[in-house]
Amino acid sequence: MSPPIQIKPFGIHAVLIEWPNEVSETVLNSILQFQGYLKDDCLEDENWETVPSYNSLLLLNRTQTIDFTSFSKKINEWYDSVKERKPRQKHLWRLPVSYDLEFGIDLKEVSDKLGKSTEEIIAL
């Protein structure tokens, strides 16, 4: 079963689709699968742009205004009919971090404001 969505107008050229406000792989996979389905099967006009985030998907039409009432019904129909798709390849990014005071110029300030040692801040 897919997570529930809410559809909201986002100006006259865009619609915001929101999933539950949680950071989870289930929600992310649902967003990415729906985005792929929309791009491949529903929004074939090149004037559409899709912008995913951790719990939402923005649909933006660069040239036409959107009739929110009829378009939100379409979105619900599309969401109900989306089929399981092969997940796209994921990438794990590893970012180096340095806590040397020469580079972490605000580490001492954060430590002082929170009343914790720099070691405790780093551990967090």
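The values are calculated or read from the model by the stated rules, or taken from the named source; none is laboratory data. Bear in mind that the values here come from a model prediction, so they are computed numbers and not experimental data. FYI the Cβ positions are ideal-geometry reconstructions off the backbone, even for glycines, and counts take in every protein chain you see. When the accessible area is computed, the model is the full protein with side chains, heavy atoms only, and any ligands, DNA or RNA have been set aside. Shrake-Rupley method; radii C 1.70, N 1.55, O 1.52, S 1.80 Å.
By how many degrees, between 0 and 90 and to the nearest 10, does the Cα long axis of helix 68-81 differ from the longest principal axis of the chain? On a 0 to 90 degree scale, this one is about 80. Rounded if a/c is under 1.5, else prolate if a/b beats b/c, else oblate: with a ≥ b ≥ c from the C-alpha gyration tensor eigenvalues square-rooted, which is the range 44-101? Prolate is the answer for the range 44-101, as a/c is 1.5 or above and a/b outweighs b/c. In the range 87-110, whose amide N lies under 16 Å from the spot 7 Å out along Cα-to-Cβ of LEU32? List them in ranges. Zone members listed by number: 87-94. Ordered by solvent-accessible area of protein heavy atoms (1.4 Å probe), largest first, the residues VAL23, VAL15, VAL110, VAL97 come out as VAL23, VAL97, VAL110, VAL15. The candidate values were (1) 1.17; (2) 1.38; (3) 0.97; the one computed from these coordinates for Rg/Rh (Cα atoms, Kirkwood Rh) carries the label (1). Of the residues VAL82, ASN61, PHE34, the one whose Cα sits farthest toward the positive end of the charge dipole of the chain, with +1 on the Cβ of Lys and Arg and -1 on the Cβ of Asp and Glu, is VAL82. Judged by the gyration tensor of its Cα atoms, with axes a ≥ b ≥ c, the range 1-56 is oblate; a/c meets the 1.5 cut and b/c is at least as large as a/b. The chymotrypsin sites (Phe, Trp or Tyr not before Pro) found in the range 1-68 that occupy coil by DSSP, while having at most 13 further C-beta atoms within 10 Å, are TYR54.
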